[in-house]
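The values are calculated or read from the model by the stated rules, or taken from the named source; none is laboratory data. It should be emphasised that the depicted structure is a prediction, and the values quoted were computed from it without experimental measurement. Note: ideal-geometry Cβ built from the backbone for every residue, glycine included; neighbour counts use all protein chains shown. Just so you know, the surface numbers come from the protein's heavy atoms only, side chains and all, with ligands and any DNA or RNA stripped out. Shrake-Rupley method; radii C 1.70, N 1.55, O 1.52, S 1.80 Å.
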Amino acid sequence: MIRTVLHLDGMRCGMCEAHVNQIIRTACAVHSVTSSHRKGETVILSVDAPDRAQLEAALLGMGYRVLSFESGPDLPGGIFHRLFRKK
């Protein structure tokens, strides 16, 4: 699974979060997507890395600007797995 984190400009409320999530679901195949207007962040989980240019174009067309795009393998178990794993 690939974890992609976008930092966005333009999300101001919960309705914006839902709008961004729908734009992303329409633009590419995702396993899950969550957004936070307070953090200005969207997290995407997908089998393959999403196409950055395609996402940026879809979001910009609806008034949201991508400030950063980070994509890489999602580590199993999340942060607690990394903190408490045996070394």
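Observations on the model:
- Flag if residue 48 is open to solvent by 40 Å² or more (accessible area, probe 1.4 Å), at pLDDT below 95 and over 12 Å from the mean Cα position of the chain (by Cα): yes
- Within the range 18-37, being part of a helix (DSSP H, G or I), open to solvent by less than 40 Å² (accessible area, probe 1.4 Å) and of a type outside the set (A, V, I, L, M, F, W, C) holds for one residue alone: 21.
- Figure legend. Inter-residue proximity from the range 52-63: first residues farther than 14 Å from residue 28 by Cβ and open to solvent by less than 60 Å² (accessible area, probe 1.4 Å), second residues of a type in the set (Gly, Ala, Ser) and in a loop (DSSP other than H, G, I, E, B), beta-carbon distance below 8 Å, spacing 6+ or different chains. Indicated pairs: 63/10.
- Neighbours by Cβ (under 6 Å, 6+ apart or cross-chain): first from the range 25-40, within 14 Å of residue 8 (Cα to Cα) and among the polar types (S, T, N, Q); second surrounded by 17 or more Cβ atoms within 10 Å (Cβ to Cβ) and modelled with pLDDT of 95 or more: 35/17; 35/20; 35/21; 35/42
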